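The values are calculated or read from the model by the stated rules, or taken from the named source; none is laboratory data. The shown structure was predicted, so the numbers you read here are calculated from the model rather than taken from an experiment. We place every Cβ from the backbone using ideal geometry, glycine too, and count neighbours over all the protein chains shown.
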Amino acid sequence: MYGSFASHVSLGQSLSSPDDLFGTFFKDVQMAVIFPDSKTFADSVPISDPALIIEKYFHEKYQPDFDLKQFVKSHFEIPLETKAEFEPQGNVPTAEEYIRQLWPFLTRRPENQVRGGSLLPLPEPYVVPGGRFREIYYWDSYFTMLGLKECGRVDLIENMIRNFAYLIDQFGHVPTGNRTYYLSRSQPPFFSMMVRLFSEMEGTKVLVKYLPQMQQEYNYWMEGFDRLTEDAPAHRRVVRLAEGTYLNRYWDDKPLPRPESYHEDVELAQEAQEKYGTPPEVLYRHIRAAAESGWDFSSRWYAEGKDFASTHTTDILPVDLNCLLYHLEYTLAETYQLSEQYDLFHHYEKKASDRSEAIQKYFWDPARNYFMDYDFVVRKPTHHFTLAGTFPLFFRLAKPRQARFVNAYLRLNFMRSGGLMTTLTHTGQQWDLPNGWAPLQWIAYKGLRNYHFARSAYRLRTNWLSLIEKEFKHTGKIMEKYNVANTYLEATGGEYEVQEGFGWTNGVYLRMKRHT
């Protein structure tokens, strides 16, 4: 599909994550916290041969006047944030016009691989979120595409889908983003949603064209399911439950600190070991799995109240992930039918039906009347109410009675003057109260519309759009996340400052603005 580009990249690039490539030197830099954001060094590009830099480091580090920060600045090209500081054309624009003018600023052209750099080049142009996020991100891109569609940028939508297909062809899955240090994990699997969105513009031939990549992504999430037993019920991202039911969880193949958040992970692992006796490699896996979820971080993954050190993501079957995989199975079935491969059509139709039944059985909590995540280790629902519980409404998997309960719970507990809060727990984490995020506003809004809760949907739409417009009028910026509980305060929490740009907020704003 990608001709000489794929050949050039596969032969010319190193796929080593920077922590593997630079070893002890990388660890020393990250633990010294010479940059406010750990991602900065993970994204830095060596000016000369990495082996020579390492050799020079070990030769100079014991000199009495050695300055580690100056050494790094002398031997690496340090990236800058993608600030949305550009001059709009004409008079002061509305938020909608600002976003339309911003797309080119956030668009990146194909680049060549730099030896020792962490960026994975892509064959087609793509949109980055903005701020510290200088690369394409998987689940962000679906929501960005919603806005690109409103702007008539079918070309960019197609280019980004081609990039994700390329990543699947090269690596067997879509990494979190096009960085070497993201290769060990994915993100919420929205590829089939992207293909479906594109097919709405270009017809069902799009489904058939990307069938091989959708199938490969499904294989990635289900890898090892046929080897699971009662005694060994989990392998990577798939879990076997009673009566041969298979559901999925988030995972990461490396039980190590994340290169882009190295010292933060080391310090948290030390705390978890002291408090709970959790081995560091176990905590690293849980943290990386939470990063794969896109909800990094949230009380949703905690075992103990508000304690970040109790994160146990890999014990949890997330309701949103399994709804997305239902959509992938359903789309595979439809596409195999279009391709006249009827045995595979019936196979995936059955898979989708089985998962739909399992979502009812394991994620609907009749005691709480809400869709909850499921802890398969203790065999019961988790105790955290989150907006992930709206995904069954988005995918029309909820029964009418269930949808009524979810609607009532959203109105009474999640809805605030700026939109819907992500959870009902305040921990200081960014995917918790009081923050609201564009993708979850859209999922909830569409879910409510699917079940004809027009008043709730209208209130959500009005509150969210009003908040974005108020903040834009005040700051001239579109932000990554917002404080929906107190619209006079900024969003808080997370491992970095609030980022501006911002891809998925732009996309959801434009789509929701026109979706009445």
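Output yes when any residue across the stretch 462-472 is in a loop (DSSP other than H, G, I, E, B) and either of a type in the set (Lys, Arg) or at positive phi (or both), and no when none is. Reasoning before the result, please.
Pass one, the stretch 462-472, residues in a loop (DSSP other than H, G, I, E, B): none.
No: the stretch 462-472 contains no residue that is in a loop (DSSP other than H, G, I, E, B) and either of a type in the set (Lys, Arg) or at positive phi (or both).
Has the stretch 94-113 got any residue that is under 30 Å from residue 264 (Cα atoms), in contact with a Lys or Arg (Cβ under 9 Å, 6 or more places away or on another chain) and assigned to a loop (DSSP other than H, G, I, E, B)?
Just the residues of the stretch 94-113 that are under 30 Å from residue 264 (Cα atoms), to begin with: 106, 108, 113.
Next, from what is left, pick out any that are in contact with a Lys or Arg (Cβ under 9 Å, 6 or more places away or on another chain): 108.
Of the ones still in play, those that are also assigned to a loop (DSSP other than H, G, I, E, B) are none.
No: the stretch 94-113 contains no residue that is under 30 Å from residue 264 (Cα atoms), in contact with a Lys or Arg (Cβ under 9 Å, 6 or more places away or on another chain) and assigned to a loop (DSSP other than H, G, I, E, B).
Select from the stretch 139-176 the residues that are farther than 23 Å from residue 200 by Cα and part of a loop (DSSP other than H, G, I, E, B) and write down the one among them that is farthest from the chain's Cα centre (by Cα).
172
Going by the structure shown, is residue 345 touching a residue at least 24 places away in the same chain (Cβ under 8 Å) and touching a helix residue (DSSP H, G or I) at 6+ places or on another chain (Cβ under 7 Å)? Please lay out each step first, then the result.
On the way: touching a residue at least 24 places away in the same chain (Cβ under 8 Å): no; touching a helix residue (DSSP H, G or I) at 6+ places or on another chain (Cβ under 7 Å): yes.
No, not satisfied.
What helices (runs of 4 or more DSSP H) completely inside the stretch 324-412 contain at least 3 residues that are under 30 Å from residue 485 (Cβ atoms)? Spell out the reasoning first.
Values: elements: 342-363, 391-394, 400-409.
Output list reads 391-394, 400-409.
If we keep just the residues of the stretch 106-119 that are more than 21 Å from the chain's Cα centre (by Cα) and surrounded by 20 or more Cβ atoms within 10 Å (Cβ to Cβ), which is farthest from residue 507 (Cα to Cα)?
Looking at the filtered set, the residue picked out is 116.
Which of the residues spanning the stretch 387-402 are over 15 Å from residue 323 (Cα atoms) and in contact (Cβ under 8 Å) with a residue 24 or more places away in the chain?
Step one: filter the stretch 387-402 for residues over 15 Å from residue 323 (Cα atoms), giving 400-402.
Residues satisfying the conditions are 400, 402.
Answer yes or no: is there a residue in the stretch 120-138 that is free of Cβ contacts under 8 Å to residues at least 40 places away in the same chain, buried (at least 23 other Cβ atoms within 10 Å of the Cβ) and either outside any strand (DSSP E or B) or out of contact with any helix residue (DSSP H, G or I) (no Cβ under 6 Å at 6 or more places or on another chain) (or both).
For the stretch 120-138, residues free of Cβ contacts under 8 Å to residues at least 40 places away in the same chain, buried (at least 23 other Cβ atoms within 10 Å of the Cβ) and either outside any strand (DSSP E or B) or out of contact with any helix residue (DSSP H, G or I) (no Cβ under 6 Å at 6 or more places or on another chain) (or both): absent.
Which one of these is surrounded by fewer than 24 Cβ atoms within 10 Å (Cβ to Cβ) and among the aliphatic types (A, V, I, L, M): 398, 438, 403? It would help to see each step written out before you state the result.
Working: 398 fails: surrounded by fewer than 24 Cβ atoms within 10 Å (Cβ to Cβ); 438 fails: surrounded by fewer than 24 Cβ atoms within 10 Å (Cβ to Cβ).
Only one candidate passes the filter, namely 403.
For residues that are of a type in the set (A, V, I, L, M) and touching a Leu at 6+ places or on another chain (Cβ under 9 Å), tally how many sit in the stretch 469-516.
Within the stretch 469-516, the first condition is being of a type in the set (A, V, I, L, M), and the residues that meet it are 478-479, 484-485, 489, 491, 498, 508, 510, 512.
Those left that are additionally touching a Leu at 6+ places or on another chain (Cβ under 9 Å): 478, 484-485, 508, 510, 512.
Final tally of qualifying residues: 6.
Checking the structure you have, find out if any residue of the stretch 462-469 is surrounded by fewer than 18 Cβ atoms within 10 Å (Cβ to Cβ), more than 26 Å from residue 127 (Cα to Cα) and free of Cβ contacts under 8 Å to residues at least 12 places away in the same chain.
Taking every residue of the stretch 462-469 in turn, at least one turns out to be surrounded by fewer than 18 Cβ atoms within 10 Å (Cβ to Cβ), more than 26 Å from residue 127 (Cα to Cα) and free of Cβ contacts under 8 Å to residues at least 12 places away in the same chain.
Quick test of your reading of the structure: residue 371 fulfils all but one of (1) buried (at least 17 other Cβ atoms within 10 Å of the Cβ); (2) touching a residue at least 60 places away in the same chain (Cβ under 8 Å); (3) in contact with a Ser or Thr (Cβ under 8 Å, 6 or more places away or on another chain); (4) under 30 Å from residue 233 (Cα atoms). Name the failing condition by number.
(2)
Of the residues 298, 339, only one is of a type outside the set (Phe, Trp, Tyr) and within 23 Å of residue 236 (Cα to Cα); which?
Numbers: 339 fails: within 23 Å of residue 236 (Cα to Cα).
Residue meeting the stated conditions: 298.
Is it true that residue 171 is of a type in the set (A, V, I, L, M, F, W, C), modelled with pLDDT of 95 or more, surrounded by fewer than 19 Cβ atoms within 10 Å (Cβ to Cβ) and closer than 22 Å to residue 260 by Cβ? Step through it out loud before you land on a result.
On the way: of a type in the set (A, V, I, L, M, F, W, C): yes; modelled with pLDDT of 95 or more: yes; surrounded by fewer than 19 Cβ atoms within 10 Å (Cβ to Cβ): yes; closer than 22 Å to residue 260 by Cβ: yes.
Against the criterion (of a type in the set (A, V, I, L, M, F, W, C), modelled with pLDDT of 95 or more, surrounded by fewer than 19 Cβ atoms within 10 Å (Cβ to Cβ) and closer than 22 Å to residue 260 by Cβ), residue 171 qualifies.
So for the stretch 472-490 (the condition being without any contact (Cβ under 8 Å) to a residue 40 or more places away in the chain, touching a Ser or Thr at 6+ places or on another chain (Cβ under 7 Å) and surrounded by fewer than 21 Cβ atoms within 10 Å (Cβ to Cβ)), does at least one residue qualify?
Checking the stretch 472-490: not a single residue is without any contact (Cβ under 8 Å) to a residue 40 or more places away in the chain, touching a Ser or Thr at 6+ places or on another chain (Cβ under 7 Å) and surrounded by fewer than 21 Cβ atoms within 10 Å (Cβ to Cβ).
Among the candidates 237, 258, 249, 185, which residue alone is under 27 Å from residue 157 (Cα atoms), within 18 Å of the chain's Cα centre (by Cα) and buried (at least 20 other Cβ atoms within 10 Å of the Cβ)? Don't jump to the end; show me each part of the working.
Values: 237 fails: under 27 Å from residue 157 (Cα atoms); 258 fails: under 27 Å from residue 157 (Cα atoms); 249 fails: under 27 Å from residue 157 (Cα atoms).
When all the criteria are applied, what remains is 185.
How about the stretch 296-323: which of its residues are without any contact (Cβ under 8 Å) to a residue 40 or more places away in the chain, in a loop (DSSP other than H, G, I, E, B) and touching a Ser or Thr at 6+ places or on another chain (Cβ under 7 Å)?
The answer is 303, 304.
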